[in-house]
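Each reported figure results from applying straightforward, stated rules to the coordinates on display, with no laboratory input. As the structure is a computational prediction, the values presented were derived from the model and not from experiment. Virtual Cβ from ideal backbone geometry, glycine too; neighbours counted across all protein chains shown.
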Amino acid sequence: MPIIRVLGIDPGSRITGVGIIDSDGRHSKHVYSTCIRLGNAPFPERLGTIYRELELIIQQHQPQQMAIEDVFLAKNPSSALKLGQARGAAICATVMQNISVAEYSAREIKLATVGKGNADKTQVQHMVKILLNLQGKIQSDTADALAIALSHAHTGAIKARLDAAKNNY
């Protein structure tokens, strides 16, 4: 399989995690990761920051595909709305660069990365470090973004192999 550059985004209204990997679907390599820290600016300004920062990251690293965590039902409706708006800013920044977007639930990401859908954040961080051969401490939002990218790369590769096998019958 060809190597694909995947951008993973863990959206948040205070911190948005960003991770980029190169992957052939079986082996993945860390390219770039960071957290976009949004501080206490008014919310519309934070959304603009997500958009602008992602636009710059996309231009610099040229990902071919993007994966983002799907909306989950939060206990606080206001938090859920803000998360949805942060996702929207990230998706718009990506789509405006003609990059396809895939969405995965938190459960799917944990299952693909750790092997169980109810894994905790420390387990996700640990597996991301192992899968990408990273050293030292990794921030949880960055680990989540990289886990999203890994999930997409591995899930997409499996789907392509299944489709190819189905077409051979």
For the chain, what relative contact order do you get, as a whole percent, if you take Cα pairs closer than 8 Å and at least 6 residues apart? 30
Among Leu7, Gln123, Gln62, the residue whose Cα sits farthest towards the positive end of the charge dipole of the chain, when +1 is placed on the Cβ of each Lys and Arg and -1 on the Cβ of each Asp and Glu, is Gln123
What's the tally of Lys pairs in the chain whose alpha-carbon atoms lie under 20 angstrom apart, where the two lysines are 8 or more places apart or on different chains? 13
What residue among Val101, Tyr32, Pro42 has its Cα farthest toward the positive end of the dipole of the chain, where the charges are +1 on Lys, Arg and -1 on Asp, Glu, each on the Cβ? Tyr32
At each listed q (0.09, 0.14, 0.15, 0.20 Å⁻¹), what is the log10 of I(q)/I(0) that the Debye formula gives for the chain modelled as equal alpha-carbon point scatterers? -0.29, -0.69, -0.78, -1.34
Shape call for the range 43-134, from the Cα gyration tensor axes a ≥ b ≥ c (a/c under 1.5 means rounded, otherwise prolate when a/b beats b/c, else oblate), comes out oblate
Distance in nm between pseudo-label sites at Phe43 and Lys121 (7 Å out along the Cβ direction from Cα): 2.2
Rounded to the nearest 20 debye, dipole of the range 4-167 from Cβ charges on Lys, Arg, Asp, Glu: 320
